[in-house]
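Everything below concerns the one structure shown next.
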Amino acid sequence: MREFDLVIVGGGPAGMAAAVSARENGLENIVILERDSELGGILNQCIHNGFGLHTFKEELTGPEYAERYAEKVNSMGIPYETDTMVLNISKDRVVTLLSKGRGVEDIRAKSVILAMGCRERPRGALNIPGYRPQGVYTAGTAQKLVNCEGYLPGKEVVILGSGDIGLIMARRMTLEGAHVAAVAELMPYSSGLKRNIVQCLDDYGIPLLLSHTVVDIKGKEKLEGVVIAQVDSKNAPIAGTEKFYPCDTLLLSCGLIPENELSKNCGVEIDPRTNGPLVDEGLETSIDGVFACGNVLHVHDLVDFVSEESARAGASAAEFVKRGCTADSTEPVKVIPQNGVRYTVPSQIHTAELTGDVHIRFRVTGVFKDCAIVVKAGENELLRRKSRILVPSEMQDIIIRQDKLAEVGEDICVEIEEV
Amino acid sequence: MYDVIIIGGGVTGCAAAAELAKYQLNVCLVEKESDVCEGTSKANSAIVHAGFDAEPDTLKAKLNVRGNAMIAELSKKLDFAFKNNGAMVLCFEEEKLADLEKLCEKGEKNGVAGLEILSGDEARAREPRLSKEVKYALYAPTSGIVCPFEMTLAFAENAYANGVEFRLSTEVTAIDKISDGWKITTDKGEISGRYIFNCAGVYADRIAEMANAGGFRIIPRKGEYMLMDKDAGGTVSHTIFQLPTKMGKGVLVTPTVHGNLLVGPTAEDIDDKENTATTAGGLAEIRAKSALSVEGLPFGKVITGFTGLRAVGDTNDFIINEGAEGFFNAAGIESPGLTSAPAIAEMLREMLSKKTDLSPKTDHIDTREGVVHFAELSREEQNALIAKDPTYGNIVCRCETITEGEIRDAINRPLGAVTLDGVKRRTRAGMGRCQAGFCSPKTILLLAEKLGCGIGGVRKTGREEVQKDA
């Protein structure tokens, strides 16, 4: 059985950044396992620009951003195996993989980093009534067809959901010659980034219909149109507001789901709020030596944040191996999201054994104006950060200094205070 | 001139084709869609019913019990998924116990073995997630679950291997009596045959009318369903029915043979024989009713909803008769039609044997091998397969662990898939939690390569033949 210090499942931005960091932190015997035929993951189909502003201080396309990391992986001589699917990860870190060349194979890992990314919520999960014709795609599937296969799925388009991929695809389909009639969003606010609404919808005169949803899909074999209706404050369609939009393509951008089937089979505890693993400050899951980062952990808006987070996972895995594969023995404190905070990553912190400052990432539950992010341990306020506006579409990243945490022995609460 | 022309490539028509193919007959099956299993057979509860529901002495009762007894062996010979998981019919009101007892008696009259009435606690002991409101349950150990696509395809492929000719994308437009049989006019030309089997599902009344062999009506009864992720598949292990309640006819909750959880169906009689749309009301009804059987069903794990049309006849029974000289109807094949299919096929063959001599073929093949299910093989078998054909080492559908080799087999085999839905029914690629988001671009390319068309020529489903170079 082949043995590795670190096996990284997934060669997208998370997996690559984790590998680079693990190597920088002294791990030699690493392998990245990638199911596609090249490194890069979903970035390879994201040919628009806007990536890398934080990491490289310049605007790159998705493939360019991926290439920067792939070059690092190559120049550091980190091995990777493409066209390789991980079928199972056991609790004692035996990883079962499948490839054309080696068949089904078990390998042994001292540590594992989960970096499988996420998938899009499909139409069926949205319970949209109507027929099931050709012409209904998740935005990412359409993106793959347009950008990688050179095939435009349709000419007259409606988009449901204002997630970032949907917004990007509104512009992409327009540039390819299609007409995008509207983007309907169930919520009273968009789930996409402000800059994408401006650059992908406003600039092209594409209407964003907030508090609207698709209530019927017409066309038995091929899509003929959709009915869009306004919804009330309980998200129920309002009778009389229905409008028919003839279209041959419906794109869905209604949420991303971390892809944790391997994690669950391994016994990793999942946070129902993120659908990702519960992790500590080192991004270690409930299984010793198994770490998670990137969109498999929680869905990010910016790849730059993925890279930063994944570098921390890589460093933690290296430390775990160097420590002789023993788990942190100290008792952690919990991090509790409350009052306007939907979740936090991490969900617990080993305050007694910190080796640096601690990032806490979270999303808010709604739109908050003129407010403050407050982090407290009992009466002890660890951080207070004022904010003009907080929206659910933007992940928040706060850093708590190590010296402030060192003495903390009780649960830490993260909340939004309206000023 | 064919000996027999079968109209309709659903489970009834395909089972009849496989049955006739045992004899020295020249048989042709005509189907308007581009694949078999495109109507009622693809969208139903996928249950092998025990047979307690039908009125005694009806065709439904007899053929159900007979079909139930045949399917286990057929599933082995013809390689389709079947599991004998048992069923329960739940009773929520003390005063309805008499109804449950009547159902039990009816089943016993029909020859259903092993029926027993359980108390609510006994039922919950066998099926822990059942609602506290369950007072009694009828337990039917012979009930089962099946893959309806594989079952229909298995009959079709076996029939094909034994010489039945399949004319797909061929719609019957007229039927005329001729001196030695029948002439069928289709959109692809004329075909004639000595005998006709009308297995046309929701259209069986129209087909029968064309030949003046009808006098019955088929009312499409719409049934909406929700399918849940395999994560939820273990919620129940039996098929859970309900006695009718104040809310009307009940819905079922059942594991599928592939480990998902299926809830539904609604029951609404409609006029439109093509209306397979789901509705907000229908989906809401399923949620409300299924919650009576099992509390806390994980509706957040729904991966798709779909609608099937049951072909309900206006006689309260299957309509299996010789509607005109040499023209046989197998109509009104609603539930338990899937279970009954092999028994209906036997009955049709029996009726035919009274008209013409049937001599068995000496070289009949009674087995069929389906597309291999890579994920279900042992490690040794998997590696042996990859060594022989490396495309089995490439996963295309990650949710269901379906390999490129399986998809190529589904496309290349006789009566192979020509649409994305065809690939899905044969392999389960795209049937999982992401609902083909990741695999469809890859499957489209494999289909385009085989069909010799561009990406734009590959369809999800459909009647027409593929236009090359589209």
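Candidates B:M1, B:M70: the one that is of a type in the set (A, V, I, L, M), farther than 22 Å from B:S335 by Cβ and surrounded by fewer than 23 Cβ atoms within 10 Å (Cβ to Cβ) is B:M1. The strands (runs of 3 or more DSSP E) found entirely in the range A:235-292 that carry 3 or more residues being over 15 Å from the mean Cα position of the chain (by Cα) and surrounded by 22 or more Cβ atoms within 10 Å (Cβ to Cβ) are A:249-252. Checking the stated criteria, B:G39 turns out to be of a type in the set (G, A, S), open to solvent by 20 Å² or more (accessible area, probe 1.4 Å) and in contact with a strand residue (DSSP E or B) (Cβ under 8 Å, 6 or more places away or on another chain).
With a cut-off of at least 1 residues that are more than 27 Å from B:K460 (Cβ to Cβ), name the strands (runs of 3 or more DSSP E) lying wholly within the range A:175-232.
So the answer is A:208-210, A:225-230.
What about B:T339, is it touching a residue at least 60 places away in the same chain (Cβ under 8 Å), away from chain A (no Cβ under 14 Å), open to solvent by less than 50 Å² (accessible area, probe 1.4 Å) and part of a helix (DSSP H, G or I)? Here the answer is yes, as B:T339 does meet what is asked. Return a yes/no flag: does the range A:144-155 have any residue that is of a type in the set (S, T, N, Q) and more than 14 Å from every other protein chain (Cβ to nearest Cβ). No, every residue in the range A:144-155 fails to be of a type in the set (S, T, N, Q) and more than 14 Å from every other protein chain (Cβ to nearest Cβ).
Restricting the search to strands (runs of 3 or more DSSP E) fully inside the range B:226-334 and requiring at least 3 residues that are of a type in the set (A, V, I, L, M, F, W, C) gives B:261-264, B:302-313, B:319-324, B:327-331. Restricting attention to the range A:333-362, the residues that are open to solvent by 40 Å² or more (accessible area, probe 1.4 Å) and more than 19 Å from A:N275 (Cα to Cα) total 5.
Against the conditions (1) open to solvent by less than 40 Å² (accessible area, probe 1.4 Å); (2) away from every other protein chain (no Cβ under 14 Å); (3) polar (S, T, N, Q), B:T367 satisfies every one except (1).
Does the range A:173-195 hold any residues that are surrounded by fewer than 24 Cβ atoms within 10 Å (Cβ to Cβ) and under 21 Å from the mean Cα position of the chain (by Cα), and which are they? Steps first, please.
Taking the range A:173-195 as the starting set, the residues that turn out to be surrounded by fewer than 24 Cβ atoms within 10 Å (Cβ to Cβ) are A:174-179, A:181-182, A:186-191, A:193-195.
Residues satisfying the conditions are A:L186, A:M187, A:Y189, A:S190, A:S191, A:L193, A:K194, A:R195.
Of the strands (runs of 3 or more DSSP E) lying entirely inside the range A:1-77, those containing at least 2 residues that are open to solvent by less than 80 Å² (accessible area, probe 1.4 Å) and of a type in the set (A, V, I, L, M) are A:2-9, A:30-33. Among the residues making up the range A:98-129, those that are surrounded by fewer than 24 Cβ atoms within 10 Å (Cβ to Cβ), over 23 Å from the mean Cα position of the chain (by Cα) and part of a strand (DSSP E or B) are A:S99, A:G103, A:V104, A:E105, A:D106, A:I107, A:R108, A:K110. Test B:I218 against the criterion of being closer than 30 Å to A:R121 by Cα, more than 12 Å from every other protein chain (Cβ to nearest Cβ) and touching a helix residue (DSSP H, G or I) at 6+ places or on another chain (Cβ under 6 Å), and give yes or no. In short, no.
One residue alone among B:E31, B:E73, B:E95 is of a type outside the set (A, V, I, L, M, F, W, C) and modelled with pLDDT under 95, and that residue is B:E95.
The values are calculated or read from the model by the stated rules, or taken from the named source; none is laboratory data. Given the structure is predicted, the values throughout are model-derived calculations rather than measurements. Every residue, glycine among them, receives a Cβ derived from its backbone with ideal geometry; neighbour counts consider all protein chains shown. To get the accessible areas, we keep the full protein, side chains included, count just its heavy atoms, and leave off ligands, DNA and RNA. Shrake-Rupley method; radii C 1.70, N 1.55, O 1.52, S 1.80 Å.
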